[in-house]
Amino acid sequence: MFVISHFLKALATVLDMALSLYMWIIIIRALLSWVNPDPYNPIVRFLYGITEPVLARIRRFLPPLGGIDLSPLVAILGIVFLKQFLIPVLYDLAYSLR
């Protein structure tokens, strides 16, 4: 049980860091959309490539709002929810298995 406890704690830490990083990537992509970046820039292509699968799924469920894309906001709210709910649950589970 001791090994599982450490695994869950490490998983929670890595997941927390990955969710934070992905949230910042979504924020940067949203900010870039305001300045009309070069679509052939490798950094822009990377940001769009890594965020578009998630944002496209969210857009399918959002009604059209006349050119305003709320999918980054919904994605960030989802990430915040996971960070506030899932991460503490994993930490609590890890500590209860000690």
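Some notes on this structure:
- First in region 27-50 and farther than 23 Å from G78 by Cβ, second anywhere and basic (K, R), Cβ under 9 Å, 6 or more apart: P39/R45; V44/R29
- Among the conditions (1) part of a helix (DSSP H, G or I); (2) over 27 Å from L86 (Cα atoms), the only one that I68 does not satisfy is (1).
- Hits in region 32-61 (condition: of a type outside the set (S, T, Y), farther than 21 Å from L19 by Cβ and either under 15 Å from the mean Cα position of the chain (by Cα) or outside any helix (DSSP H, G or I) (or both)): W34, V35, N36, P37, D38, P39, N41
- Any pair with Cβ under 9 angstrom, 6 or more apart, that starts in region 82-98 at a residue that is under 12 Å from T13 (Cβ atoms) and ends at one that is basic (K, R): L90/K9; Y91/K9; A94/K9
- Test: residue in region 57-66 that is out of contact with any Asp or Glu (no Cβ under 6 Å at 6 or more places or on another chain) and at pLDDT 95 or above: yes
- Within region 1-31, the set of residues being hydroxyl-bearing (S, T, Y) and either over 20 Å from the mean Cα position of the chain (by Cα) or farther than 30 Å from V89 by Cα (or both) comprises just one member, S5.
- Any chance V3 is among the hydrophobic types (A, V, I, L, M, F, W, C), free of Cβ contacts under 8 Å to residues at least 12 places away in the same chain and assigned to a loop (DSSP other than H, G, I, E, B): no
The values are calculated or read from the model by the stated rules, or taken from the named source; none is laboratory data. Note that the structure is a prediction, hence the values are computed from the model and not measured. All Cβ positions, glycine included, derive from the backbone under ideal geometry; neighbour counts span all protein chains shown.
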